[in-house]
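Okay, so here's the structure we're looking at.
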Amino acid sequence: MEERAATLLSSSEAFKGRIFTITVDRVRLPNGRTATLDMVRHRGSVVLLPLADDGRIVLIRQYRFALDQWIWELPAGSLDPGEDPVAAAARECEEEIGLVPSRVEHAGSWYPTPGFCTEVMHYYRLTGLRRPGPDRPQPHADPDEDIRVHVFTLGEARDMVRRGDIVDLKTAWGLTLA
């Protein structure tokens with residue numbers, strides 16, 4: 001038996017930003033009722049599992065204004081319009097940790113907040129990490145980024161989750177995939 005989908009009756013844009021758009025959507029739900037829903041429209045993102053040749057994982061320490069604190073995270077970033085997630089993973093790897101992967105392997109995709117947001121997070125294991133060649137153009141960090149790179153064993157990183165030193169859910173989940 002196939003389940004019915006909702007029907008979009010109307011949609012209006014309430015906000016358009018660099019990373020996401022907010023719409024107010026009037027829908028007819030599969031149960032026949034109508035509802036007005038505030039939706040965050042996001043192009044999607046990539047979450048990196050950068051693994052050194054010795055099996056250690058690269059994490060970043062980044063200031064997050066929304067939390068007003070520095071937190072440990074897996075490197076990640078939003079997809080550019082029309083960008084292939086594999087290409088985005090390689091791009092973000094070079095931009096955030098200064099390394100170029102020789103292998104990018106999809107580890108799975110998940111929706112972090114499906115109740116109100118369309119974002120899908122694509123997780124990638126990146127291996128064969130190397131410094132870019134001297135002829136390669138220098139990548140530009142996003143203006144809102146202040147990043148410190150550090151390498152941990154997987155055991156150390158997972159212990160950080162258990163101790164509450166890692167409070168970012170995408171990172172806590174990602175460490176189960178490494």
Name the residues in the range 3-61 that are more than 20 Å from Ala107 (Cα to Cα), touching a residue at least 12 places away in the same chain (Cβ under 8 Å) and part of a loop (DSSP other than H, G, I, E, B), would you?
Glu3, Arg4, Ala5, Ala6, Ile19, Leu29, Pro30
Can you give me the number of residues within the range 10-39 that are at pLDDT 95 or above and in contact with a Ser or Thr (Cβ under 7 Å, 6 or more places away or on another chain)?
12
Answer with yes or no whether Val120 is surrounded by 15 or more Cβ atoms within 10 Å (Cβ to Cβ) and under 10 Å from the mean Cα position of the chain (by Cα).
yes
Just to be sure before I move on: is Pro101 farther than 16 Å from Ser45 by Cα, without any contact (Cβ under 8 Å) to a residue 60 or more places away in the chain and surrounded by 12 or more Cβ atoms within 10 Å (Cβ to Cβ) in the structure I sent?
yes
Checked pairs for the range 113-137, first within 20 Å of Val86 (Cβ to Cβ) and basic (Lys, Arg), second buried (at least 16 other Cβ atoms within 10 Å of the Cβ) and modelled with pLDDT under 95, C-beta under 8 Å and 6 or more apart or across chains, list as Arg125/Ala178
Asp144 versus (1) closer than 30 Å to Asp38 by Cα; (2) surrounded by 15 or more Cβ atoms within 10 Å (Cβ to Cβ): which is the lone unmet condition?
(2)
Pick out the one residue from Gly108, Gly164 that is among the small types (Gly, Ala, Ser), farther than 16 Å from Val47 by Cβ, loosely packed, with under 15 Cβ neighbours inside 10 Å and not assigned by TED's automatic domain parsing to the domain that holds Asp25.
Gly164
With the requirement that a residue be more than 20 Å from Leu169 (Cα to Cα) and surrounded by 14 or more Cβ atoms within 10 Å (Cβ to Cβ), what does the range 25-40 give you?
Asp25, Arg26, Val27, Arg28, Leu37, Met39
Give the residues of the range 63-104 that are assigned to a strand (DSSP E or B), under 22 Å from Trp173 (Cα atoms) and either out of contact with any helix residue (DSSP H, G or I) (no Cβ under 9 Å at 6 or more places or on another chain) or β-branched (Val, Ile, Thr) (or both), sorted by residue number.
Tyr63, Arg64, Gln69, Trp70, Ile71, Arg103, Val104
Mind checking whether some residue in the range 129-140 is of a type in the set (A, V, I, L, M), assigned by TED's automatic domain parsing to the domain that holds Pro75 and either within 30 Å of Thr23 (Cα to Cα) or not in a loop (DSSP other than H, G, I, E, B) (or both)?
no
Would you be able to say whether some residue in the range 18-40 is within 30 Å of Pro101 (Cα to Cα), of a type outside the set (A, V, I, L, M, F, W, C) and not assigned by TED's automatic domain parsing to the domain that holds Leu169?
yes
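The values are calculated or read from the model by the stated rules, or taken from the named source; none is laboratory data. As the structure is a prediction and not an experimental result, all values here were calculated from the model. Using ideal geometry, Cβ is built from the backbone for each residue, glycine included, and neighbour counts are taken over all protein chains shown.
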